[in-house]
Amino acid sequence: MRIEEQQETPLFTALKKYVEDRTISFHVPGHKGGKGIPEFREFVGENILAIDVTAGLLGLDNVCNPLGVIKRAEELAADAFGADHAHFLVNGTTSGIQAMILSVAGPGDEIIIPRNAHRSVVGGLILSGARPVYIKPVIDDYMGIAMGITPESVRRALVEHPNAKAVFVINPTYYGVASNLKEIVEIAHSFDKPVIVDEAHGAHFGFHPQLPLSAMEAGADMSAASVHKLVGSMTQSSILLVKGNLVDDKKVKAAMNLTQTTSPSYPLMASLDVARKQIALKGREMLDRTIKLCEEARRELNAVDGIYVMGREVEGTEGCHAYDPTKLAINVRELGLSGFEVERILRYEYHIQVELSDLYNVLAVGAIGDSEESMSALVEAIKEIAQKYARKNVIKIAASLPENQELVVSPRFAFYSEKKVVHLEDSEGEISAEMLMAYPPGIPIICPGERITREVIEYAKALKAEGCHLQGTEDPEANFIKVLADRESVEMEYYRHAEQVG
Ligand SMILES: Cc1ncc(COP(=O)(O)O)c(C=O)c1O
């Protein structure tokens, strides 16, 4: 495709035409261009509501089976992102991850997954009935975070699980750490296994040479990318990319249509169309500026006593092949404050909201919308906090992230089994029926089907003591957790069931 073709915005253009034609609406949505909800229209503006139309209108195509302007918009996106096929998603990368898993694995099938995978992966396992084979990511003790996975650990998992249907990789982690995806792809392909990639935080990778390789550049077979997080489209709008012939695009599309709404938001899809044009034509220049702003902020922050901001020095270490410099993972442990505390101080004293915090860090996300002013506000605030709050040599007590847990039954089996509720404190040895995680970053501490250990309980308590909000359990406070009701008979029933499904 010629680069000039990226000037086109077929879907956005068709929507503008629909509005310009002053088309009289006798279709849903019932607000009819915002006239039915004046208070909201007054605040958000007329145009966003004027293009909030429904699927299947003449000239506006249908995302479930695109044949017109959406088809063309997806072809342009496939070209820009280096894929053979692209599918617009309006339920975030979550729905893309679930479609990828559903398209490669069915009940009882194994799939190789990093332990620090996002909660949407557990949803994909429950929907598909697949069994996860978890790979432990490398842990950085100083940062207290999970890094990437090594190619060697992928090879080992494939040797030990030759029937696994696919390898799942996160590119990059929430904190910007990329594994050696190219080598992982080469290993997986040498076993004839597809590589499916969570690019929730990597949609911008293919558009600047100083960023880690994108999944498509590294030769992966599928990627779900949050265009909304870092490429400028509206929240919830993501893209599912497919390449090569290890996966069947028609099967992917069918899996996607299982959960995708039949009434996708046109404002979201139009924003994907425009964001794709922008990143294809101006991405290099915009990301150049973003990277420079972030590197300058990192340099200034690293000069502050008690602050460490992770950067390119981690590239080439065991857990990190490449690092995304637009992430500012600000480690505050030497100030004697937790990341949670710093997040609150930034928010309520400086009106700065970071992406997330954990025990030791706050994560500030740099992106194409940043400016010198916004960066300097962050840097000055951190400098002031370091001066004002510094309580040097205060030792933070934190349990370390628990090791991989024993998977007793599949996540789907656990999800559908009879359950009882126990106090988290008394749950040692039980099989969990729920996920328990700290959100953000949305990484499960325990997943459905796994045995709860003392370590898990202590880790959850340590996070709570630091003010972290645990989620995933039906109990909003995560004091109680649902476990399988009759552990021993459930285990027996599961193995009988596993024999039946092979
Ligand atoms: C690592 C990771 N994967 C997947 C997702 C899901 O993406 P989305 O919010 O676009 O559904 C997230 C969301 O934060 C994430 O952090």
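The values are calculated or read from the model by the stated rules, or taken from the named source; none is laboratory data. These numbers were taken from a predicted model, which means no experiment stands behind them. Heads up, the Cβs are rebuilt from the backbone with ideal geometry, glycines too, and the neighbour counts pull from every protein chain shown. Heavy atoms of the whole protein, side chains included, go into the accessibility calculation; ligands, DNA and RNA do not. Shrake-Rupley method; radii C 1.70, N 1.55, O 1.52, S 1.80 Å.
The residues of the stretch 231-284 that are within 19 Å of residue 83 (Cβ to Cβ), polar (S, T, N, Q) and open to solvent by 60 Å² or more (accessible area, probe 1.4 Å), listed by number, are 245, 278. Report the residue count in the stretch 214-239 for those that are of a type in the set (A, V, I, L, M) and away from the ligand (no atom under 11 Å from the Cβ). Total meeting the criteria: 7. With respect to the conditions (1) more than 21 Å from the chain's Cα centre (by Cα); (2) over 16 Å from residue 142 (Cβ atoms); (3) in contact (Cβ under 8 Å) with a residue 12 or more places away in the chain, residue 335 lacks only one, and its number is (2). Scan the stretch 369-381 and tell me whether some residue there is in contact (Cβ under 8 Å) with a residue 60 or more places away in the chain and either of a type in the set (Asp, Glu) or under 30 Å from residue 446 (Cα atoms) (or both). Yes, the stretch 369-381 contains at least one residue that is in contact (Cβ under 8 Å) with a residue 60 or more places away in the chain and either of a type in the set (Asp, Glu) or under 30 Å from residue 446 (Cα atoms) (or both). Residues in the stretch 344-371 that are outside any loop (DSSP other than H, G, I, E, B) and surrounded by fewer than 23 Cβ atoms within 10 Å (Cβ to Cβ): 344, 345, 346, 347, 348, 349, 350, 356, 363, 365. For the stretch 63-95, the set of residues classified as part of a helix (DSSP H, G or I) and polar (S, T, N, Q) consists of 93, 94, 95, listed by residue number.
When residues of the stretch 228-269 are filtered for being closer than 23 Å to residue 166 by Cβ and touching a residue at least 40 places away in the same chain (Cβ under 8 Å), how many remain?
21
Scanning the stretch 285-312 for residues that are within 16 Å of residue 172 (Cβ to Cβ) and open to solvent by 50 Å² or more (accessible area, probe 1.4 Å) yields a total of 1. Within the stretch 189-208, identify whether any single residue is without any contact (Cβ under 8 Å) to a residue 40 or more places away in the chain, in contact with a helix residue (DSSP H, G or I) (Cβ under 8 Å, 6 or more places away or on another chain) and surrounded by fewer than 19 Cβ atoms within 10 Å (Cβ to Cβ), and answer yes or no. So far as the stretch 189-208 goes, yes, one or more of its residues are without any contact (Cβ under 8 Å) to a residue 40 or more places away in the chain, in contact with a helix residue (DSSP H, G or I) (Cβ under 8 Å, 6 or more places away or on another chain) and surrounded by fewer than 19 Cβ atoms within 10 Å (Cβ to Cβ). Return yes or no: is residue 178 within 21 Å of residue 329 (Cα to Cα), within 16 Å of the ligand (Cβ to nearest atom) and open to solvent by less than 10 Å² (accessible area, probe 1.4 Å)? Criteria met by residue 178. Would you call residue 127 within 16 Å of the ligand (Cβ to nearest atom), farther than 23 Å from residue 358 by Cα, open to solvent by 10 Å² or more (accessible area, probe 1.4 Å) and among the hydrophobic types (A, V, I, L, M, F, W, C)? Spelling it out, residue 127 is indeed within 16 Å of the ligand (Cβ to nearest atom), farther than 23 Å from residue 358 by Cα, open to solvent by 10 Å² or more (accessible area, probe 1.4 Å) and among the hydrophobic types (A, V, I, L, M, F, W, C).
Just a yes or no: is a residue in the stretch 407-423 within 27 Å of residue 140 (Cα to Cα) and open to solvent by less than 20 Å² (accessible area, probe 1.4 Å)? No, there is no match, as no residue in the stretch 407-423 is within 27 Å of residue 140 (Cα to Cα) and open to solvent by less than 20 Å² (accessible area, probe 1.4 Å). Picking from 161, 201, which residue would you name as being within 15 Å of the ligand (Cβ to nearest atom) and modelled with pLDDT of 95 or more? Just one listed residue meets the conditions, 201.
Among the residues of the stretch 55-110, which ones are of a type in the set (S, T, N, Q), more than 16 Å from the ligand (Cβ to nearest atom) and closer than 26 Å to residue 413 by Cβ?
Once the filter is applied, which keeps residues that are of a type in the set (S, T, N, Q), more than 16 Å from the ligand (Cβ to nearest atom) and closer than 26 Å to residue 413 by Cβ, the stretch 55-110 yields only 103.
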